[in-house]
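Engineer: Here's a structure for you.
Derivation of every value follows stated rules applied to the coordinates shown; laboratory data play no part. Everything numeric in this text was worked out from a predicted model, so none of it was measured. A quick note on method: Cβ atoms are made from the backbone with ideal geometry, for glycine too, and the neighbour counts reach across all protein chains shown.
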Amino acid sequence: MKKYDVAVVGGCAAGLTAAISAKRKNPQLNIVIIEKLPRIGKKILATGNGRCNLTNINAVASDYCNPDFVSDVFEKYPPQKVIGFFESMGLLTFADSEGRVYPRSNMASSVLDTLRFELEKTGVDVICDTPVSQVRKINGGFEINGNIFCKRAVISTGGKASPSQGSDGSGYLLAKQLGHSVTPLYPALVPLTVRNNVRPLKGVRARNVSLTLTDGKLLKKTNGELLFTDNGISGIAAMELAAQTEKSLFGAKEKTFTDIDFLPDMSVEELTEYLFKIKNIKGNCDIDMLFSGVLPKAIGTEICKAVSLYKNERTLSRLSREEIVSAAQKAKCFRLEVTGTKGFENAQVTSGGIPVSEISSETMESLLCKGLYFAGEIIDVDADCGGFNLQWAFASGLLAGENIG
């Protein structure tokens, strides 16, 4: 049986960071990372559209669920500390206008290579192609898969989102073996499916829209880019509604809707006045030119269809005031009935996980099992797009490693 001081189960953002942090704190520690995939860090390569949005300089605890828990972690490892951690390994970064931080190379592989080199430099062992199916508390430490013993263990396997990248939910089973519970799990940051026929809009993007999710009451509101798919909607604005959508649909008695405001910077009155100007300027044009100056043509066409403007091949000049007002109102509130999401297979993040009440926010150590630590997505902490979830992964990994070390 191989023996280590520390075993990290799960070789992605949080786990790699925890191992490095612990080794830096105490170079004498004998540490191993155990990863089920052929290589560590696969999910890092997919983040930020292949650019790795590794943190957000504006990230604060209130951006996350369970903000009080997150606040304690960010007090020690705010975004600037995470950026400093990477700079200490030679990785330079930059922040865009939204506060999203990327490597200067604009390549996620630079982030992973930086972490891999530091693991090699500090002497952390890495074992790949090794799924962990069992962890037992034994002899003051932990027995893993019956052939590895460690004094302390870190579970950083991620959640259930994107199982092809290693996060298949197996970490929750390990946590349960050691006495922990798991909150309900939902796919987050994933496209939505709708009952309406949106195929005519497939591939069409609308920028800077506002989405409101309701099921008889307001559930959540988002802003950003919207992308229509063959059976639903994607893009940041839609994906940030996913977790709340799943929670609403679970055992729901009321239907769930998302109302799209295609032009949130204009009031209904301002849009109505604008459409009257278009009527006067382009009076001899077809109806589908009504929104041509402010929205993609395909979206304008669907709005006009929704309020029945297409009658007898009319031109814009034949539209009544009531019809123009109705079109403006529909552009400000284009309702879709939401039926679900594209599931964990297509999700970026898991909502839910190990309850924060079972973990110390000061150390990331389990309150139920001494010597066991958690880091990253496996914990019931998640946030919207923009580098917030990787900030959590790195911050929690750094804190866990520091306390192990």
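Engineer: Could you give me the ³J(HN,Hα) list for the range 322-333, computed from phi with Karplus coefficients 6.51, -1.76, 1.60 and θ = phi - 60°, whole Hz, x at Gly and Pro?
Structural biologist: Karplus-based 3J(HN,Hα) across the range 322-333 equals 4, 5, 5, 4, 4, 5, 5, 5, 5, 5, 8, 8 Hz.
Engineer: May I ask for the equivalent-ellipsoid semi-axes of the range 182-301, computed as the square root of five times each C-alpha gyration tensor eigenvalue and listed largest first in whole Å?
Structural biologist: Those come to 32, 15, 12 Å.
Engineer: Too long at a 29 Å Cα-Cα cut-off: which of 221/297; 36/202; 23/342; 253/297; 42/76; 36/255?
Structural biologist: Among 221/297; 36/202; 23/342; 253/297; 42/76; 36/255, the Cα-Cα distance tops 29 Å for 36/202; 23/342; 253/297; 36/255.
Engineer: How many percent of Cα pairs in the chain exceed 26 Å?
Structural biologist: Above the 26 Å cut-off, the chain has 57 percent of its Cα pairs.
Engineer: What is the spread of the Cα atoms of the range 1-156 along each of their three principal axes, largest first, in whole Å?
Structural biologist: Principal axes ranked by extent give 51, 33, 28 Å for the Cα atoms.
Engineer: Could I ask something else about it? Based on the mean of other beta carbon atoms within 10 Å per residue, what is the order of 131-137, 182-188, 164-170, most packed first?
Structural biologist: 182-188, 164-170, 131-137
Engineer: Tell me, what HN-Hα J-couplings in whole Hz come from the Karplus equation 6.51 cos²θ - 1.76 cosθ + 1.60 at θ = phi - 60° for each residue of the range 13-18, using x for Gly and Pro?
Structural biologist: 3, 5, x, 4, 5, 4
Engineer: Quick one: putting +1 on the C-beta of Lys and Arg, -1 on the C-beta of Asp and Glu, what dipole do you get for the chain around its Cα centre, in Debye to the nearest 20?
Structural biologist: Result for the chain is approximately 680 debye, rounded to the nearest 20.
Engineer: Shifting gears a bit: What residue among 86, 131, 350 has its Cα farthest toward the positive end of the dipole of the chain, where the charges are +1 on Lys, Arg and -1 on Asp, Glu, each on the Cβ?
Structural biologist: 131
Engineer: Using R₀ = 30 Å, calculate the FRET efficiency as 1/(1 + (r/R₀)^6) where r is the Cβ-Cβ separation of residue 370 and residue 122; round to 0.05.
Structural biologist: 0.70
Engineer: Residue separation times 0.36 nm, minus the C-alpha to C-alpha distance between residue 321 and residue 298: what's the value?
Structural biologist: That works out to 6.0 nm of additional length.
Engineer: Using mean Cβ contacts within 10 Å as the protection proxy, how do 273-282, 104-113 order, highest first?
Structural biologist: 104-113, 273-282
Engineer: Return the Cα extents of the range 16-75 along principal axes one, two and three, sorted largest first, each rounded to a whole Å.
Structural biologist: Principal axes ranked by extent give 36, 31, 19 Å for the Cα atoms.
Engineer: If you place +1 on the Cβ of every Lys and Arg and -1 on the Cβ of every Asp and Glu, how big does the dipole about the Cα centre of the range 49-189 come out, in debye to the nearest 20?
Structural biologist: Roughly 320 debye for the range 49-189.
Engineer: Give the peptides 226-239, 323-336, 196-209 in descending order of average Cβ contacts within 10 Å, highest first.
Structural biologist: 226-239, 323-336, 196-209
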